[in-house]
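To keep things clear, I will list the structure first and then write my remarks on it.
The values are calculated or read from the model by the stated rules, or taken from the named source; none is laboratory data. Keep in mind the model is a prediction, meaning the values are calculated, not measured. So basically every Cβ, Gly included, is an ideal-geometry build from the backbone, and we count neighbours across all protein chains shown. Ligands, DNA and RNA are stripped out before the accessible areas are found, and what is left, the full protein with its side chains, is counted by its heavy atoms. Shrake-Rupley method; radii C 1.70, N 1.55, O 1.52, S 1.80 Å.
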Amino acid sequence: FGFQYGWSNATGAQPTQFRDLVVRLRVGLPNATPDTTAPTASLSISGTAPTTTTGFDVQFSEPMKLTNLQPGNYTLTRTTGANSGKTVPIQSVQFVNNQTVHITVASALTAGGYRVDLASNLADLSGNVLVAPKSFTFTVA
């Protein structure tokens with residue numbers, strides 16, 4: 001933040017009153033470097049989760065845009081058993097903080113393998129899109 005002022009009068013001498021006051025406001029950091037680093041993601045579940053699991057967190061390496069809250073940006077799919085390849089409906093996506101979203105499914109996951117896929121358009125506050133990995137697997141037992 002900076003504040004600059006200037007003045008003038010008809011004779012060019014320093015006035016005892018301001019006749020023309022110029023105010024310039026500078027907002028931002030003068031030497032700020034733009035963020036060009038793409039965010040990464042990780043899943044709160046790794047390995048085996050209990051059959052009482054009804055949700056999980058996706059953690060990002062930096063603050064993310066609010067548009068990442070759309071349930072369509074996340075897909076949960078069964079990878080084993082009779083329901084292999086079927087999508088598990090996502091009930092809600094909520095911000096825990098600007099680097100973590102909590103994904104909730106309608107009912108507890110049944111035993112088996114699962115894959116979480118993240119949309120390719122997830123972006124940080126500077127518009128940098130997510131880099132791999134964008135898919136994560138886990139088992140419920």
Checklist outcome for this item: Treating only Lys and Arg (+1) and Asp and Glu (-1) as charged, each at its beta carbon, one finds that the stretch 55-137 has a dipole about its Cα centre, in Debye to the nearest 20, of 280
Item to check | Exposure ranking of 92, 135 by accessible area [1.4 Å probe, largest first] | outcome: 135, 92
Item to check | Nonlocal amide H pairs with residue 45, under 5 Å, H built at 1.01 Å | outcome: 57
Item to check | Protein-only accessible surface order, largest first, of 86, 134 at 1.4 Å | outcome: 86, 134
Checklist entry - Where in the stretch 89-113 does the amide nitrogen come within less than 18 Å of the point 7 Å from the Cα of residue 52, taken along Cα to Cβ? => result 104-112
Next on the checklist: Output wanted: per-residue J couplings in Hz (rounded whole) for the stretch 124-141, from phi through Karplus 6.51 cos²θ - 1.76 cosθ + 1.60, θ = phi - 60°, x for Gly and Pro.
Outcome noted: 7, 5, 8, x, 6, 7, 4, 9, 4, x, 10, 10, 9, 10, 7, 10, 10, 9
Checklist entry - Between residue 100 and residues 5 or more places away or on another chain, which pairs have amide H atoms under 5 Å apart, with H built 1.01 Å from N, and which residues are they? => result 60
Next on the checklist: Explain nothing, just compute: Karplus ³J(HN,Hα) = 6.51 cos²θ - 1.76 cosθ + 1.60, θ = phi - 60°, for every residue of the stretch 60-74 in order, whole Hz, x for Gly and Pro.
Outcome noted: 10, 6, 7, x, 10, 6, 5, 5, 6, 7, 5, x, x, 7, 9
Checklist outcome for this item: Expected unfolding gain across residue 141-residue 65 under the 0.36 nm per residue rule, minus the alpha-carbon gap, is 24.0 nm
Checklist outcome for this item: Quick note, the stretch 76-141: a/c under 1.5 would make it rounded; otherwise a/b > b/c is prolate and the rest oblate (a ≥ b ≥ c, C-alpha gyration tensor); here it is prolate
Item to check | the stretch 54-128, accessible surface, carbon-and-sulfur percent (1.4 angstrom probe) | outcome: 49
